[in-house]
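Let me begin by presenting the structure, written as structure tokens, before commenting on it.
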Amino acid sequence: MNRTDRLHALTEELRRAGSRGRTARRLAAWLEVSTRTVKRDVGALQQAGVPIWASAGPGGGYVLDAAATLPPVNLTAAQAVAVAVALAGATDVPFAADGRAALEKVLDVLGPAARAEVERLGSRVWVRGRPGGRPDPAPVVEDALARRRVVAISYRDRAGTASRRRVEPHLFARTGDHWYLVGWCRERDAPRWFRWDRIEAADLTTEPAPAHDPAVFGAPPADAHSVRTGAAPVTPPRRPAPG
């Protein structure tokens with residue numbers, strides 16, 4: 001585990017512990033590092049503004065301030081299962097791995113009885129994943145979109161011709177039975193749709209991806225909409241051209 005992932009994991013473990021906190025020894029055993037490393041990591045988090053407090057003496061340890069912890073999530077069993085079903089039935093979607101991690105966080109804050117009911121109800125819903133699944137380069141492409149970076153991809157078009165493209169990612173879109181990366185192709189100097197399962201390799205560059213006027217990607221169909229929470233749907237662009 002690299003240091004960035006370890007700092008995130010440490011914060012999440014303290015979040016789960018709540019007011020009980022965790023000792024440096026317990027955290028060290030959990031992360032498989034030394035207590036000295038834990039203390040150094042906690043110091044780095046504190047300097048970064050994470051509200052972690054240390055209590056001395058027997059039973060003392062580190063506690064994450066309650067203001068930074070998740071409030072109780074009052075989901076019914078059916079609501080939690082609905083989230084699980086959406087994730088289980090969409091194994092090929094962008095950010096699928098992050099979705100599974102988010103679901104675990106939701107389940108973590110449910111009480112034992114609620115968790116048992118979710119397991120019972122979930123066992124009565126079966127799904128069959130879509131063929132193909134996510135391409136191996138998916139995490140790199142997702143990272144490029146999230147960080148607004150140019151991504152270099154190896155792409156094979158529908159005729160089987162392979163090419164190397166530098167793409168300024170704009171959005172992910174699903175139409176028909178396939179996911180696409182929509183972006184500005186620098187080799188074609190035009191907007192292009194790259195089918196998700198035809199991206200064979202991807203490398204994240206350090207070059208920022210400039211913003212484009214959404215209009216250059218075309219007008220959306222009337223029945224298309226973006227994935228938004230707490231806001232009115234915003235439609236994605238109509239498919240202008242394949243990769």
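The values are calculated or read from the model by the stated rules, or taken from the named source; none is laboratory data. Given the structure is predicted, the values throughout are model-derived calculations rather than measurements. Positions of Cβ are generated from backbone atoms using ideal geometry, with glycine treated the same way; all protein chains shown enter the neighbour counts. To get the accessible areas, we keep the full protein, side chains included, count just its heavy atoms, and leave off ligands, DNA and RNA. Shrake-Rupley method; radii C 1.70, N 1.55, O 1.52, S 1.80 Å.
Here are some conditions: (1) closer than 15 Å to Y62 by Cα; (2) at pLDDT below 85. L7 meets all but one. Which one does it not meet?
Failing condition for L7: (2).
All but one of (1) surrounded by 14 or more Cβ atoms within 10 Å (Cβ to Cβ); (2) of a type in the set (K, R); (3) in contact (Cβ under 8 Å) with a residue 12 or more places away in the chain hold for R115; which doesn't?
Here R115 clears every test but (3).
State which residue pairs qualify: first residue closer than 15 Å to L10 by Cα and inside the range 48-60, second residue outside any loop (DSSP other than H, G, I, E, B) and at pLDDT 85 or above in any location, beta carbons under 6 Å apart, and separation of 6 or more residues or different chains.
Sorted first by the residue in the range 48-60, then by its partner, the pairs are I52/V42; I52/L45; I52/Q46; I52/Y62; I52/L64; W53/V63; A54/Y62.
Residues being at pLDDT 95 or above and open to solvent by 40 Å² or more (accessible area, probe 1.4 Å): count how many of those fall in the range 164-186.
Total satisfying the criteria: 4.
Mind checking which residues of the range 192-204 are open to solvent by less than 40 Å² (accessible area, probe 1.4 Å) and not aliphatic (A, V, I, L, M)?
W193, F194, W196
How many of the residues making up the range 127-163 are of a type in the set (D, E, K, R) and either within 13 Å of F194 (Cβ to Cβ) or open to solvent by less than 50 Å² (accessible area, probe 1.4 Å) (or both)?
Residues of the range 127-163 that are of a type in the set (D, E, K, R), as a first pass: 128, 130, 134, 136, 142-143, 147-149, 156-158.
Of the ones still in play, those that are also either within 13 Å of F194 (Cβ to Cβ) or open to solvent by less than 50 Å² (accessible area, probe 1.4 Å) (or both) are 142, 156-158.
Residues that pass the stated criteria total 4.
Of everything in the range 98-112, what is within 18 Å of A173 (Cα to Cα) and open to solvent by less than 50 Å² (accessible area, probe 1.4 Å)? Give them in sequence order.
Filtering the range 98-112 for residues within 18 Å of A173 (Cα to Cα) gives 98-99.
Listed by number, the list holds a single entry, G99.
Does T76 satisfy the criteria of being more than 30 Å from D197 (Cα to Cα), at pLDDT 85 or above and over 23 Å from the mean Cα position of the chain (by Cα)?
no
Go through (1) of a type in the set (S, T, Y); (2) modelled with pLDDT under 90; (3) in contact with a Lys or Arg (Cβ under 6 Å, 6 or more places away or on another chain) and name the single condition Y155 misses.
Among (1) of a type in the set (S, T, Y); (2) modelled with pLDDT under 90; (3) in contact with a Lys or Arg (Cβ under 6 Å, 6 or more places away or on another chain), the lone unmet condition for Y155 is (2).
So which of A159, A152 is over 20 Å from D98 (Cβ atoms), over 24 Å from the mean Cα position of the chain (by Cα) and hydrophobic (A, V, I, L, M, F, W, C)?
On the way: A152 fails: over 24 Å from the mean Cα position of the chain (by Cα).
The unique qualifying residue is A159.
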